[in-house]
Amino acid sequence: MMPVLINDNSEVVFHFSIKLSDGSAADSSKVHNKPAKLVMGDGSLTANFEKCLLGLKAGDNKSFALEPEDAFGMPNPDNIYHLDRTKFGAETPAQVGAIIAFTQPDGSELPGIIREVAGESVTVDFNHPLSGQKLTFDVEIIEVKNSEATIS
């Protein structure tokens with residue numbers, strides 16, 4: 001039986017590790033032993049990330065580097081807000097480097113990183129922490145399912 005290769009319609013279960021350009025680990029699905037799952041083309045990953053997975057099969061390991069545009073994008077200046085220091089309290093002090101979850105009007109939470117505290121103004125960055133960085137991804141393919149009907 002032929003191994004199932006990742007194609008444009010595959011459902012893929014895989015472990016990943018993300019490394020920064022200095023080689024330090026930024027994230028890994030192996031830490032909590034919870035592999036990622038995606039359906040190719042569902043928009044959860046960039047097209048160039050998906051291209052790097054095409055043709056792989058269960059058991060394959062691959063390492064590839066992605067430019068910021070193909071990973072978490074470039075930081076968007078519109079995602080940086082200046083909030084009044086009175087919005088912060090004892091439980092969520094305004095400290096540079098702190099990551100705070102802000103509740104959105106729809107009830108969902110969005111993490112923001114405090115970049116600067118100046119007088120009564122607190123600068124909060126809602127860009128993804130890895131945006132703007134060239135990253136290396138190590139993937140280990142665990143399972144590949146293709147949705148095409150089998151021809152008997």
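The values are calculated or read from the model by the stated rules, or taken from the named source; none is laboratory data. Every value quoted in this text rests on a predicted model; they were computed, and no experiment measured them. Cβ placement follows ideal geometry from the backbone for every residue including glycine, while neighbour counts extend to all protein chains displayed.
Do you know which residues across region 99-132 are within 29 Å of Ala25 (Cβ to Cβ), at pLDDT below 95 and surrounded by fewer than 15 Cβ atoms within 10 Å (Cβ to Cβ)?
Those that are within 29 Å of Ala25 (Cβ to Cβ), at pLDDT below 95 and surrounded by fewer than 15 Cβ atoms within 10 Å (Cβ to Cβ): Ile99, Ala101, Ser108, Glu109, Leu110, Pro111, Pro129.
Before we move on, is Glu50 more than 27 Å from Ser17 (Cα to Cα) and acidic (Asp, Glu)?
no
Return yes when Glu50 is surrounded by 13 or more Cβ atoms within 10 Å (Cβ to Cβ), closer than 23 Å to Val13 by Cα and either modelled with pLDDT of 95 or more or out of contact with any Cys (no Cβ under 9 Å at 6 or more places or on another chain) (or both) and no when it is not.
yes
Taking region 23-47 only, how many residues are under 13 Å from Val12 (Cβ atoms) and surrounded by 11 or more Cβ atoms within 10 Å (Cβ to Cβ)?
Going through region 23-47 one residue at a time, the tally reaches 10.
Condition test on Ile142, is it of a type in the set (Val, Ile, Thr) and either within 17 Å of Asp27 (Cα to Cα) or touching a Gly at 6+ places or on another chain (Cβ under 7 Å) (or both)?
Spelling it out, it is not the case that Ile142 is of a type in the set (Val, Ile, Thr) and either within 17 Å of Asp27 (Cα to Cα) or touching a Gly at 6+ places or on another chain (Cβ under 7 Å) (or both).
Considering region 32-47 alone, what residues qualify as being farther than 14 Å from Val139 by Cα and out of contact with any Asp or Glu (no Cβ under 7 Å at 6 or more places or on another chain)?
His32, Asp42, Gly43, Ser44, Ala47
Scan region 38-56 residue by residue and report those that are in a strand (DSSP E or B) and within 13 Å of the chain's Cα centre (by Cα).
Selection gives Leu38 alone.
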